[in-house]
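Just below is one structure, and these are the notes that go with it.
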């Protein structure tokens, strides 16, 4: 089992550690609800160093990525990031990721920990363009500082004016007395904040400096469980739940990152889906009756016909009611439609809702 450079820090803070994608990771500290609300209303810090990082560079790098990714990266300037899907030949999602344009013909891909090996092999297989590839996943760490007080805290540790970093932009600068650190205006919570990419041997000092800088703001360490409830309230997709090799970006509601201004893996099928629609569609829903939806629970209509399946579900810490995401028959996906979730053989009434949940 792998450990991040902050393993001892998590143990000292009383974290409950679990196996996640081959890493021992903190799932919670004080509790999911309190951690969730700390990020929502104040500030929290996540160790997400299990994520993978690839560098793709040199001649052919643009061509390789344009072929493999759903979004059009040719529109990016240096210092800009972009949400993307890595696609197979059938238009299925190999992974979802963030791409960073470091410089001309040099990019960083940040991929899900569970898919590091799969993504790497997929890119190697498709690399007939002579692009140079480097897997730096074991050399770099990632912290995510999220919440409305983030800028106030993080600004104390850098001379760079963070207010000038637009959403999905980043800089390489000095941070917490460490050189060549990436500060990125990205995150997976919907609460605003920054993500910090650094070398493994810089991580402990940076973590300590952030925690010290955030003391007066009551900064809290946050586990993966609260990260999940935060992204679910926003309606963000999670690989292995809403996304897989057999699900396309169009079905998942990610048509906005699928650009047909270029040729890419599976583009003909995806263009057809965009123009003609799909058989299934990802929707959000809220329970009307009591219960908590969980992954793989079946979804039914009012005629007791099976119309889909839950992909994620929880009791929302912010809203105080049960919410979820799931795939349903496209013709029954209209917001406001009544559906039923089969929870332990009980048909629990729910309503399809727009996301983010409010």
**OP:** Pull up segment 320-330, narrow it to residues that are touching a strand residue (DSSP E or B) at 6+ places or on another chain (Cβ under 9 Å) and without any contact (Cβ under 8 Å) to a residue 40 or more places away in the chain, then point me to the one that is surrounded by the fewest Cβ atoms within 10 Å (Cβ to Cβ).
**Re:** 321
Original post:
Which condition number in (1) over 21 Å from the mean Cα position of the chain (by Cα); (2) in a helix (DSSP H, G or I); (3) in contact (Cβ under 8 Å) with a residue 60 or more places away in the chain is the one that residue 35 fails?
Top reply: (1)
**OP:** For segment 296-319, enumerate the residues that are more than 30 Å from residue 31 (Cα to Cα), surrounded by 16 or more Cβ atoms within 10 Å (Cβ to Cβ) and in contact (Cβ under 8 Å) with a residue 40 or more places away in the chain.
**Re:** 300
Original post:
Given the residues 109, 67, 97, 86, which is the only one that is in a strand (DSSP E or B) and either within 30 Å of residue 34 (Cα to Cα) or in contact (Cβ under 8 Å) with a residue 60 or more places away in the chain (or both)?
Top reply: 97
Original post:
Using beta carbons and a limit of 8 Å, which pairs, at least six apart or on different chains, have the first residue in segment 201-229 and part of a strand (DSSP E or B) and the second one surrounded by fewer than 17 Cβ atoms within 10 Å (Cβ to Cβ)?
Top reply: 220/30; 220/34; 221/13; 221/211
**OP:** Can you run down the residue pairs with Cβ atoms below 8 Å, 6 or more apart or on separate chains, where the first is in segment 248-260 and under 12 Å from residue 283 (Cα atoms) and the partner is at pLDDT below 95 and surrounded by 22 or more Cβ atoms within 10 Å (Cβ to Cβ)?
**Re:** none
Original post:
Is it the case that segment 193-201 has a residue that's in contact with a strand residue (DSSP E or B) (Cβ under 7 Å, 6 or more places away or on another chain) and either surrounded by fewer than 21 Cβ atoms within 10 Å (Cβ to Cβ) or modelled with pLDDT under 95 (or both)?
Top reply: yes
**OP:** Inspect all residues belonging to segment 305-312 and state whether any of them is modelled with pLDDT of 95 or more, outside any strand (DSSP E or B) and over 25 Å from the mean Cα position of the chain (by Cα).
**Re:** yes
Subject >> Selection count, segment 1-18, where residues are touching a strand residue (DSSP E or B) at 6+ places or on another chain (Cβ under 8 Å), touching a residue at least 12 places away in the same chain (Cβ under 8 Å) and surrounded by fewer than 17 Cβ atoms within 10 Å (Cβ to Cβ) >> reply: 6
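Considering each of 171, 154 in turn, give the residue that is touching a residue at least 12 places away in the same chain (Cβ under 8 Å), assigned to a helix (DSSP H, G or I) and either surrounded by fewer than 17 Cβ atoms within 10 Å (Cβ to Cβ) or in contact with a helix residue (DSSP H, G or I) (Cβ under 9 Å, 6 or more places away or on another chain) (or both).
154
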Subject >> Which listed residue, of 264, 260, is part of a loop (DSSP other than H, G, I, E, B) and surrounded by 20 or more Cβ atoms within 10 Å (Cβ to Cβ) >> reply: 264
**OP:** Please find, among 349, 281, the residue that is assigned to a strand (DSSP E or B) and surrounded by fewer than 16 Cβ atoms within 10 Å (Cβ to Cβ).
**Re:** 349
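The rows are residues; the columns are (1) surrounded by 23 or more Cβ atoms within 10 Å (Cβ to Cβ); (2) in contact with a helix residue (DSSP H, G or I) (Cβ under 7 Å, 6 or more places away or on another chain).
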position: 35; (1), (2): yes, yes
position: 39; (1), (2): yes, yes
position: 52; (1), (2): yes, yes
position: 65; (1), (2): yes, yes
position: 72; (1), (2): no, no
position: 78; (1), (2): no, no
position: 89; (1), (2): no, no
position: 96; (1), (2): yes, no
position: 102; (1), (2): no, no
Subject >> Selection count, segment 119-151, where residues are surrounded by 15 or more Cβ atoms within 10 Å (Cβ to Cβ) and closer than 25 Å to residue 90 by Cα >> reply: 9
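The values are calculated or read from the model by the stated rules, or taken from the named source; none is laboratory data. Just so you know, these numbers come straight off a predicted model, no measurement behind them. In this analysis, Cβ positions are derived from the backbone assuming ideal geometry, glycine residues included, and neighbour counts consider all displayed protein chains.
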